[in-house]
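Written out below as structure tokens is the structure these notes cover.
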Amino acid sequence: MELSDGLRVYDAIAHPIMQRFDFHNQSLYLTVDRTNWKWGEKNLNILTLGIVYKGAAIPVYWLVLNKQSNSNQRERIALLQRFIRQFGRSGILGEREFIGNQWWQ
């Protein structure tokens, strides 16, 4: 499987989520968050882009980080660009840890 095939899989998951919650044609507030879980001996470090819905963030896109540290600006921008390519731009809500000139541009 090529990288572009993997991205299509994410898009194939994101579209039904958008339809299920009827997110089309309305203002969207996006969140970006990173979580780290332990599954047996393995660390799972996941960067998630979600949409705020009734006080919770519904995950739409995510990126498994093959490292134990925080996400970097490049990874966060790539996640947001993936969403924008499919669904366009709208209001963005992010945590203060995700600040940088490139990020806000």
Response to the item:
In nanometres, the difference between 0.36 nm per residue of separation and the alpha-carbon distance of residue 20 and residue 52 is 10.1 nm
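Of 71, 27, which has the most accessible area with a 1.4 Å probe, and how do the rest follow in descending order? Spell out each step's value before the answer.
Working: 71 15, 27 90 Å².
So the residues, ranked largest to smallest area, are 27, 71.
The values are calculated or read from the model by the stated rules, or taken from the named source; none is laboratory data. Please read these numbers as outputs of a predicted model, since none were measured by experiment. For the accessible areas, the whole protein counts, side chains as well, though only heavy atoms, and no ligand, DNA or RNA atoms are used. Shrake-Rupley method; radii C 1.70, N 1.55, O 1.52, S 1.80 Å.
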